[in-house]
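S.K.: The structure's right below; bear with me while I get my questions together.
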Amino acid sequence: MGVSIIIPTYNRADLIQYTLHALNPALHVGIELETIVIDDGSTDHTIQLVEEQFPHVHLIKHTHKGAQAARNAGLKASTQEFILYLDSDDLVTPGYFAQKIDCLKNHPELDAVYGNYEYFKSDDVYNASKVVFMHKYPMLEGKDQRKLHLYYYLRAKYLPANALLWRKSFLNKIGGHDETLIVNQDVELMIRALMSQVNIDSINDGSFALIREHAQLNRVGSAKDTAKLEAILQFRKDIYKRIIENGYNDPYYLAPLSYMLFQFWRRQRHINPEMAKKFLAFSKQVYWPVRLNNNKLISVLSKLFGPENAIHIKYFIFRRD
C-alpha cells in the first residue's frame, strides 16, 4: 500500500530536478513511492534529465495535451492506492506521506486528507529563509465539513492540490480532471468532489508541501486576457448551475459566489471594462445584497470615496442592506 505521485511537466528542466530529489525514497522510509512524470511536449532537455538522472521514474510522453490530460494519464497509469498531484516545480518535505497514509488506512471512510504547506520564493533550492507569507486555507477538522469547504471554494479560497492526498478509488469514481477546462481544473475537481459527498479531513503532522510563489502569481486563472477571463466567467456560470441543480440554492452558498464575481469586477473595471461589466451582471444575478436606490449610506460613501468604491465598501463590510 503506497502512493503514486503524479507530476505533469512542460519545459521545467531547471526545476523538476528539485521536485524529484525531494521524492527520493530515502527521505520517505517505509513508504512505497511510485513517481510518474508526464511530459507535455517539452522542447528543452526535461525528458533527457529525467531519463538520465532519475531512471526509477515512470516517464510518460505527451504531445502538449494540457496539464489536466497529463494528470488523467498519470492517474490511469498509477498502481498505488493513494494519489498526490504535484507540480513540477514544487517540493515535499521528508516524511510527508507516512501519517497521511496511516490516517487514510485507519479511516476507510475518508476519501482524502490534507496537511500543511508553505509558499517560498526561489528559482532553485528551498530553505526556510525563503518562505513568504501568504494567506492559507484553514485546517478544518472532521470529515463532515463539506458545507464549509464548499463555502470557501465558492469564495475563491482554495486548498493547493499539492497539499492533498487522495484515495485513488474516489478519483476514479468522479472521473478525474475535466480535460475541457483551460482554467481552474483543480478547483473544479474539488467542487465536484464536494458535491459528490467527499469525506475529507486535515492532519497536522509536521510535514509540508512547498509551493513556489511564482507558480501562484502566474496561475492561468490569474490571467488578465479576455479569453481566459471569459473562461473564468463561464466556469462560474457552470458552478452556479450545479449549485442550483444540487439543491444549494441558499444565500450561504450564493453570497460567496456573488462576492467572488464582484471582486473580479473590482479588479477588472479599469483594465477590461467590458469583461468587468459581465462579472458584475452575473454577480447581481447570483446574489445581490446591496440596494442602491434611495440609500443614504451609499450616498454618503459616494461623496467621500466615489460611487464605485462606495458599492465596494458596503458590499465588503455589510454584504446586506
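Coordinate-derived values only; no laboratory data. As the structure is a prediction and not an experimental result, all values here were calculated from the model. Backbone-built Cβ (ideal geometry, glycine too); neighbour counts: all protein chains shown.
S.K.: Find the Cα radius of gyration of region 62-164, compare it with 2.2 N^0.38 Å by division, and give the number to two decimals.
M.R.: Expressed relative to 2.2 N^0.38 Å, the Cα Rg reads 1.22.
S.K.: Roughly what % of Cα-Cα distances in the chain sit above 25 Å, to the whole percent?
M.R.: Cα-Cα pairs in the chain separated by more than 25 Å: 55 percent.
S.K.: Also, I was wondering about something else. With the alpha-carbon atoms as the only input, what is the per residue convex hull volume for region 1-111 in Å³?
M.R.: 92
S.K.: Next question, about the same structure. Using +1 at the C-beta of Lys and Arg and -1 at the C-beta of Asp and Glu, which of PRO160, ILE7, ALA67 has the Cα lying farthest in the positive direction of the dipole of the chain?
M.R.: PRO160
S.K.: Here is a further query. Rounded to whole Å and sorted largest first, list the principal axis extents of the Cα atoms in region 87-230.
M.R.: 40, 38, 24
S.K.: Have a look at the DSSP beta bridges in the chain and tell me what percent are antiparallel, nearest 5.
M.R.: Bridges in the chain that DSSP calls antiparallel: roughly 30 percent.
S.K.: Report the local net charge at GLN99: Lys and Arg +1, Asp and Glu -1, summed over other residues whose C-beta lies under 14 Å from its C-beta.
M.R.: -1
S.K.: With springs only between Cα atoms under 10 Å apart, run a GNM on the chain and tell me which of MET275, MET134, MET195 wobbles the most.
M.R.: MET134
S.K.: Related question: Within the chain, what is the longest stretch that has no chymotrypsin sites (Phe, Trp or Tyr not before Pro) placed in a DSSP loop and near at most 12 other beta-carbon atoms within 10 Å?
M.R.: Here the longest run is 134-317.
S.K.: Taking 0.36 nm per residue of sequence separation and subtracting the Cα-Cα distance, how much length would be gained by fully extending the chain between GLU213 and SER129, in nm to one decimal?
M.R.: 28.9 nm
S.K.: Compute, for the chain, the length of the dipole vector about the Cα centre, with Cβ point charges of +1 (Lys, Arg) and -1 (Asp, Glu) only. Units Debye, rounded to 20.
M.R.: 2020
S.K.: Here's something else I'd like to know. Run the dipole for region 1-52 about the Cα centre, Lys and Arg Cβ at +1, Asp and Glu Cβ at -1, nothing else charged, and hand back the magnitude in debye, nearest 20.
M.R.: 160
S.K.: So, one more: As a check on your grasp of the helix formula, calculate [θ] at 222 nm for the chain: sum -39500 (n - 2.57) over DSSP H runs of n ≥ 4, divide by the residue count, round to the nearest 500.
M.R.: Helix-only estimate at 222 nm: -13000 deg cm²/dmol.
S.K.: Still on this structure: Looking only at ILE174, ILE47, ILE191, which one moves most when the chain is put into a Gaussian network model with springs between Cα atoms under 10 Å?
M.R.: Taking springs between Cα atoms under 10 Å, the residue moving most is ILE174.
S.K.: Right, next: Normalised by the residues of the chain, what does the relative contact order come to in percent, with Cα pairs under 8 Å and at least six apart?
M.R.: It rounds to 17 percent for the chain.
S.K.: May I pose another question? Rank ASN172, ILE101, TYR151 by how far each Cα sits towards the positive end of the charge dipole of the chain (+1 on Lys, Arg Cβ; -1 on Asp, Glu Cβ) and give me just the farthest.
M.R.: In the chain, that residue is TYR151.
S.K.: Cut-off under 24 Å on the C-alpha distance; same-chain residues fewer than 8 positions from LYS168 excluded. Which lysines are left, in chain and number order?
M.R.: Straight-line reach from LYS168, under 24 Å: LYS61, LYS65, LYS76, LYS100, LYS105, LYS143, LYS147.
S.K.: Oh, and also: Show me the helices of the chain, taken as full DSSP H stretches, that run 24 Å or more along their long axis by Cα and average -0.5 or above in Kyte-Doolittle hydropathy.
M.R.: 226-245, 251-268
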